Amino acid sequence: MTQVQIKEMPDQKGFSSIKDFDIQGKTVLLRADLNVPRQNGKVTDTTRIDRLKPTIDYLTAKGAKVLILSHFGRPDGEQNPEMSLAFLAPVLEKQWAAHVAFSPDCIGDHAKDLAEGLENGQVLLLENVRFYKGEKANDAEFAKQLALLGDIYVNDAFSASHRAHASTAGIAQHLPSAAGLLMEEELNALTIALENPQKPVLAVAGGSKISTKLNVLNNLVEKVDYLVLGGGMANTFLFAIGIEMGKSLCEKDMIDEAKAVFEKAKANNCEIVLPKDVVVVTQLKENAEFQTVPADQIPTDYMAIDIGPQTISYITEKMQNCKTIVWNGPMGVFEIKPFDNGTNEIANFAAKLTQSGQTTSVAGGGDTVAALENADAAKDFTYISTAGGAFLEWLEGKALPGVEALKS
Ligand code: ADP
Ligand code: MG
């Protein structure tokens, strides 16, 4: 292992940036999230690859040898050729316009030889780290074997950092460690949105169920001034205050939890905004006949699938005064038109406020990203996090093991 010089001390965040290291001629082990969607052998969405490009450009331009660690699928600790990362090397080469070779193993002598054969500025993609059981087990010996391949560890996989695995956590104990550019960008955006936000802060929480997001809601009510509830989640809250929800998606066994969220919000001076009117249908299908009714007058045979116009104006009125907006979960069944209307209206309003410079807006969640793109608003938000599970755990206020590991 070659000696690595740290040029500057880490800042108050507690971890180093790749810019703090002199990386010329060094071998950098870069943890990336290349768990990209694939259909018939082709990558169907290159977002994750494209977002890594600035880090790759930086490292290669500075003359580092870059070894990429990633998982792909769920091979459960077995060498499964169907989940090999080999198919990605040519894709990366094209998207990054860099020289990318492939190593059929992520540890061991052969991988070491291939790494040593790299020229400065070249990239070596290592085989799926989840081919070894030691990865998910955060096994100390496996982490050490990974570390043996490089001089510096860089984590640029925020989206995998809610897991304490060997390539996201254990490895950092063996090498000088830093956050990559994408990781830094993500952490900065999240800090601006919730840890150190400009007030007032408004959070939008929607989606299907409260059971999956209870911890998120309980954390948000402590931190934000307004919590706007929409989507199926709002149905459960309406039910909890005694409203009949007809055939709506509603978690009747979650009433106590919903009531506890109301109580906690009250204690923290957080205003909970519930739908005042809703769009209802008898059948959930494209262009289904619909009605708009007050939220407390849902007919028995109907289900609430979007927020109505009165609710939209109330939410936008509240948003108008806010400096920060955090968003997870659509306001309705946005996949079926025109029931994307509520989500679209709110999203476009938040986008407009962001573009005017008044508001910082941060959103994340698998369906949320799709919903904001459907609204054509994603591009105008301050930051869109593509880290599904990690974004949610961060919204829950949890420390992420992959981030914590960089701090030690
Ligand atoms: P994310 O993936 O962004 O965290 P969720 O998975 O929690 O979001 O929620 C998204 C899902 O919620 C969408 O499939 C959407 O159709 C559904 N949904 C939103 N509103 C309703 C509603 N009123 N009734 C039933 N499903 C809803
Ligand atoms: Mg989802």
Quiz item: Which ranges mark the helices (runs of 4 or more DSSP H) fully within the range 81-147 that have 2 or more residues being surrounded by 18 or more Cβ atoms within 10 Å (Cβ to Cβ) and either of a type in the set (S, T, N, Q) or on the phi > 0 side of the Ramachandran plot (or both)?
Solution: none
Exercise. With a cut-off of at least 3 residues that are more than 14 Å from ligand 1 (Cβ to nearest atom), name the helices (runs of 4 or more DSSP H) lying wholly within the range 198-282.
Key: 214-223, 255-267
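Considering only residues of the range 283-307 that are away from ligand 1 (no atom under 15 Å from the Cβ) and not acidic (Asp, Glu), which is farthest from residue 229 (Cα to Cα)? Full working, then the answer.
As a first pass, look at the range 283-307 and keep what is away from ligand 1 (no atom under 15 Å from the Cβ): 287, 289, 294, 296-297, 299-301.
Filter again for not acidic (Asp, Glu), leaving 287, 294, 297, 299-300.
Numbers: 287: 24, 294: 16, 297: 18, 299: 21, 300: 22 Å.
If we take residues in the range 283-307 being away from ligand 1 (no atom under 15 Å from the Cβ) and not acidic (Asp, Glu), then 287 is farthest from residue 229 (Cα to Cα).
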Quiz prompt | Residue selected from the range 382-396 under the condition under 8 Å from the mean Cα position of the chain (by Cα) and part of a helix (DSSP H, G or I), by the criterion nearest to ligand 2 (Cβ to nearest atom) | solution = 388
Quiz item: Which residue pairs have Cβ atoms under 7 Å apart, sit 6 or more places apart or on different chains, and have a first residue in the range 323-352 that is more than 14 Å from ligand 1 (Cβ to nearest atom) and a second that is assigned to a helix (DSSP H, G or I) and at pLDDT below 95?
Solution: 324/193
Self-check item: Flag if residue 164 is at pLDDT 95 or above, within 19 Å of residue 16 (Cβ to Cβ), more than 16 Å from ligand 1 (Cβ to nearest atom) and of a type outside the set (S, T, N, Q)
Solution: no
Quiz item: If we only count strands (runs of 3 or more DSSP E) wholly inside the range 303-374, which ones have 1 or more residues that are within 16 Å of ligand 2 (Cβ to nearest atom), buried (at least 24 other Cβ atoms within 10 Å of the Cβ) and of a type in the set (Lys, Arg)?
Solution: none
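To keep it simple, each residue is scored yes or no on (1) at pLDDT below 95; (2) assigned to a strand (DSSP E or B); (3) within 20 Å of residue 174 (Cβ to Cβ).
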| site | (1), (2), (3) |
| --- | --- |
| 3 | yes, no, yes |
| 9 | yes, no, no |
| 12 | yes, no, no |
| 29 | no, yes, yes |
| 33 | no, no, no |
| 48 | yes, no, no |
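Which residue is surrounded by the most Cβ atoms within 10 Å (Cβ to Cβ), if the candidates are limited to the range 289-302 and must be without any contact (Cβ under 8 Å) to a residue 24 or more places away in the chain and not charged (D, E, K, R)? Break it down into steps so the answer makes sense when it comes.
Applying the first criterion (without any contact (Cβ under 8 Å) to a residue 24 or more places away in the chain) to the range 289-302 yields 289, 291-294, 297.
Next, only the ones that are not charged (D, E, K, R) stay: 291-294, 297.
Working: 291: 13, 292: 14, 293: 17, 294: 13, 297: 13.
Checking each candidate, the answer is 293.
The values are calculated or read from the model by the stated rules, or taken from the named source; none is laboratory data. Keep in mind the model is a prediction, meaning the values are calculated, not measured. Cβ: placed from backbone, ideal geometry, glycine included. Neighbour counts: every protein chain shown.
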